[in-house]
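Structure first, commentary second.
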Amino acid sequence: MEQSILLEADTNELEILVFKLGTTPFGVNVAKVREIIKACKTIAIPYTPDAIEGSFKIRDDILSLINLGRHFNMEGEQVRQGQGIIIIVEFNNIRCGILVDEVSRIHRLRWDQIQSPSPYLVNLRMPVTGMVNIDSQTILIADFETVVGDILGAQCVDLSAETGLSSASQTKTRMMVVDDSSLVRSTLVKRLNMAGITDLIVCHDGQQAWDMLNKQRDQEGDLCDLILSDIEMPRMDGLHLTSKIKNDPQLKHIPVVLFSSLITPDNIKKCQAAGADAQLSKSDGEKMVRTLVAFLEKNCVSASPQTTAGIEVVEKKNRLSGELARLTPATE
């Protein structure tokens, strides 16, 4: 029963791993987590940002270790004393270690329980995509994509693509962009403008996008020609947004392209089940722009990756829970 819930596309749910920097609790989507280990020795690397602790070896891989507390100016005593925890994450074709003070547990939540960051955090450009209250504590959802991009120099969205919209189509198309990261939104707007896609409606989460679409439909205004949406977002995720659009008689004709740093076999299944017209990786800017231009020019070229494999989500969750149990002191 649990496995069917985890693999179902339209639950608007996620699981987060809670960790601490000093005394402040943060969360990260379990889908980005590959492993949890104790802090280990690192090899110093010259000319690296201050937040890079060094490199470490795990089996046959050598990974960079990011000291997240140092980057946020929130380094705690456990890390200073060499007793921290490393969360190994992978997304956008990047795998690295994140050094934190401690980890606690995994929580399953609904995306509508997560609120957008406060205006104060947004103005500070704090890399946080949401906030949620768990057990009377406010958990900040860390924007690992922005953090890793800033420190390791990896772009959250590739800007290298040169594909553009034909001049005949530029004046006839309207597109909606939905993403919870302000950095990703601004990068996307810049890249799409470069491709000749300038009539853009930009939303910061799925709920705002759904409200906007309802307003357009009810007022019989001009509907979007295409929707590009992130998957992981507060309030309403991209899968739930897609499902609602595809089940609405007046909106279901609009192509929906989902893009994410986590285009895994399991996520592809969920995207297809929700009714997405294409699923793309944020790291493949050329493919993204080609696909969007094709849809806008009415070519409807599918760019969905082909796969028949699945991911054993429950097995991974149990393994991470076991690692947490070994690393977390028992309470009497």
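The values are calculated or read from the model by the stated rules, or taken from the named source; none is laboratory data. If you're wondering where the values come from, they're calculated on a predicted model, not measured in any experiment. FYI the Cβ positions are ideal-geometry reconstructions off the backbone, even for glycines, and counts take in every protein chain you see.
Per-structure values
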read-out: Any chance V103 is assigned to a strand (DSSP E or B) and in contact with a Pro (Cβ under 6 Å, 6 or more places away or on another chain); value: no
read-out: Hey, D211 at pLDDT below 90, among the acidic types (D, E) and farther than 16 Å from L188 by Cβ or not; value: no
read-out: Filtered residues of the stretch 31-50 (kept if among the hydrophobic types (A, V, I, L, M, F, W, C) and either part of a loop (DSSP other than H, G, I, E, B) or touching a helix residue (DSSP H, G or I) at 6+ places or on another chain (Cβ under 7 Å) (or both)); value: V33, I36, A39, C40, A44, I45
read-out: The stretch 203-222 - residue that is of a type outside the set (D, E, K, R) and in contact (Cβ under 8 Å) with a residue 60 or more places away in the chain and, of those, surrounded by the most Cβ atoms within 10 Å (Cβ to Cβ); value: G206
read-out: Qualifying residue in the stretch 231-253 (condition: within 20 Å of R185 (Cβ to Cβ) and part of a strand (DSSP E or B)); value: no
read-out: Check on A168, over 19 Å from V28 (Cα atoms) and either of a type in the set (G, A, S) or modelled with pLDDT of 90 or more (or both); value: yes
read-out: Of residues in the stretch 223-251 being out of contact with any Cys (no Cβ under 9 Å at 6 or more places or on another chain) and polar (S, T, N, Q), the one surrounded by the fewest Cβ atoms within 10 Å (Cβ to Cβ); value: N247
